[in-house]
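Undergrad: Please see the structure below; I have some questions.
The values are calculated or read from the model by the stated rules, or taken from the named source; none is laboratory data. Remember, predicted model here, so these are calculated numbers, not experimental data. With ideal geometry, Cβ positions are generated from the backbone for all residues, glycine too; neighbour counts draw on all protein chains shown.
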Amino acid sequence: MKISIYIVALYLILLPLTSIAQNNFTNSVTTINYLDSALIKKYQKKIDTSRIKIEINRVQGIASFYSASLNGTLTSTGERYRNVKYTAACNLFKLNTLVRVTNLKNGNSVLVRINDHMHPNMLKKGRVIDLSKAAVEKILHHSTGIVMVSVEALGYSKINPTN
């Protein structure tokens, strides 16, 4: 009888600690932080907090799409941008981070690798990621305009996903 009372007391003491841990790491796939804290600090005043929501390894905001005219230009990783690859530009995640981008309107998602940075002023417009044409076609049925997305970090890779 005494043992069961101690177990219940211990449970009641530890229960709040588990909910604290869940709040700190809500739905994160990993405990590694893939956010680029140096760039976030640098661009802190440019981030539109009314449209951009930043959590551990997850960002919500607006996705825009690379112009076709940028095909063949150099990216921040030193490789050439290609419309047919599953890549993206982002100022909030570290380069070579694999992320899942989910269209919040229709639920479609795509895996892309961050291989470039966006212009910092895009953060003022609520934009969090700039997707390649191939990536856009996976989450939308057309490749123009902007869309609300959730971007979730999954890991690092120097190889582009094939989806």
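Undergrad: Has region 98-105 got at least one residue that is surrounded by fewer than 18 Cβ atoms within 10 Å (Cβ to Cβ), in contact with an Asp or Glu (Cβ under 7 Å, 6 or more places away or on another chain) and farther than 18 Å from Ser76 by Cα?
TA: Within region 98-105, one or more residues are surrounded by fewer than 18 Cβ atoms within 10 Å (Cβ to Cβ), in contact with an Asp or Glu (Cβ under 7 Å, 6 or more places away or on another chain) and farther than 18 Å from Ser76 by Cα.
Undergrad: Among Val110, Val136, which is the only one that is farther than 24 Å from Thr49 by Cα, of a type in the set (A, V, I, L, M, F, W, C) and touching a Pro at 6+ places or on another chain (Cβ under 9 Å)?
TA: The unique qualifying residue is Val110.
Undergrad: Give the residues of region 116-151 that are surrounded by fewer than 17 Cβ atoms within 10 Å (Cβ to Cβ) and within 12 Å of Cys90 (Cβ to Cβ), sorted by residue number.
TA: His119, Pro120
Undergrad: Out of region 55-69, which residues are part of a loop (DSSP other than H, G, I, E, B) and either of a type outside the set (S, T, N, Q) or closer than 16 Å to Ala134 by Cβ (or both)?
TA: Within region 55-69, Ile56, Tyr66, Ser67 qualify.
Undergrad: Here is a further query. Please determine whether any residue of region 74-81 is in contact with a Ser or Thr (Cβ under 6 Å, 6 or more places away or on another chain) and over 21 Å from Ile159 (Cα atoms).
TA: No.
Undergrad: Moving to a separate point now. Can you tell which of Asn103, Asn57 is closer than 22 Å to Thr31 by Cα and not aromatic (Phe, Trp, Tyr)?
TA: The unique qualifying residue is Asn57.
Undergrad: Considering region 37-54 alone, what residues qualify as being surrounded by 12 or more Cβ atoms within 10 Å (Cβ to Cβ) and assigned to a helix (DSSP H, G or I)?
TA: Scanning region 37-54 gives Leu39, Ile40, Lys42, Lys46.
Undergrad: Still on this structure, please answer the following. Based on this model, can you work out whether Leu154 counts as over 16 Å from Lys94 (Cβ atoms), modelled with pLDDT of 90 or more and hydrophobic (A, V, I, L, M, F, W, C)?
TA: Taking the combined requirement at face value, the residue does not satisfy it.
Undergrad: I'd like to verify a number: residues in region 119-163 that are of a type outside the set (A, V, I, L, M, F, W, C) and either in a helix (DSSP H, G or I) or under 18 Å from Thr75 (Cα atoms) (or both), how many?
TA: Total meeting the criteria: 15.
Undergrad: Moving to a separate point now. Out of all the residues in region 70-118, which are part of a loop (DSSP other than H, G, I, E, B), farther than 21 Å from Tyr34 by Cβ and without any contact (Cβ under 8 Å) to a residue 12 or more places away in the chain?
TA: Hits for region 70-118 are Gly72, Thr73, Gly107.
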